[in-house]
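Please read the structure below before turning to the comments.
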Amino acid sequence: MRHRKAGNRLGRTMSHRRALMRNMASALVVHGKVETTIQKAKALRPVVERLITMGREDSLAGRRRAATLLMGKEPVQRLFDDVGPRFADRPGGYTRIVRTRHRAGDAARMAIIELVD
């Protein structure tokens, strides 16, 4: 029974799933959009929304917390200098998922997750 076990496991181990989310969140913060499968995009959305909320107010503690979830210095700097202030007056809903195509190799449904605005 899976009682009270929320979230999509994506067929990966916990460490692999965490690394996947960190990499995709970093890419989304740096580039503004990422193309991936629909299920990965839906799993990524809450992670990125939490990060952007954290980036709205610049503090050393916030930067350190974000650094544990992002890969490298550039995404952290971009989050607090560009992305966070851009959404300072928006009360949530920072990302959009747009369904695009079927992937040629395995016919997986693809989507683009992007920052709104």
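The values are calculated or read from the model by the stated rules, or taken from the named source; none is laboratory data. If you're wondering where the values come from, they're calculated on a predicted model, not measured in any experiment. Neighbour counts are summed over all protein chains in view; Cβ atoms, including those assigned to glycine, are modelled from backbone coordinates with ideal geometry.
Below, the figures for the structure above:
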| item | result |
| --- | --- |
| Enumeration of residues in the stretch 85-97 that are surrounded by 12 or more Cβ atoms within 10 Å (Cβ to Cβ) and under 18 Å from V34 (Cβ atoms) | R86, F87, Y94, T95, R96, I97 |
| Meets criteria (exposed (fewer than 15 other Cβ atoms within 10 Å of the Cβ), at pLDDT 95 or above and among the charged types (D, E, K, R)) for E74 | yes |
| Tally of residues being touching a strand residue (DSSP E or B) at 6+ places or on another chain (Cβ under 9 Å) and either free of Cβ contacts under 8 Å to residues at least 24 places away in the same chain or surrounded by 17 or more Cβ atoms within 10 Å (Cβ to Cβ) (or both) across the stretch 98-107 | 3 |
| Failed item, numbered, when A67 is tested on (1) out of contact with any Pro (no Cβ under 7 Å at 6 or more places or on another chain); (2) at pLDDT 95 or above; (3) among the aliphatic types (A, V, I, L, M); (4) within 24 Å of V98 (Cα to Cα) | (4) |
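Here's the yes/no breakdown for (1) surrounded by fewer than 19 Cβ atoms within 10 Å (Cβ to Cβ); (2) of a type in the set (S, T, N, Q); (3) in contact (Cβ under 8 Å) with a residue 40 or more places away in the chain; (4) closer than 23 Å to G7 by Cβ:
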position: K42; (1), (2), (3), (4): yes, no, yes, yes
position: R45; (1), (2), (3), (4): yes, no, yes, yes
position: R50; (1), (2), (3), (4): yes, no, no, yes
position: G55; (1), (2), (3), (4): no, no, no, yes
position: L69; (1), (2), (3), (4): no, no, yes, yes
position: V83; (1), (2), (3), (4): no, no, yes, no
position: A111; (1), (2), (3), (4): no, no, yes, yes
position: E114; (1), (2), (3), (4): yes, no, yes, yes
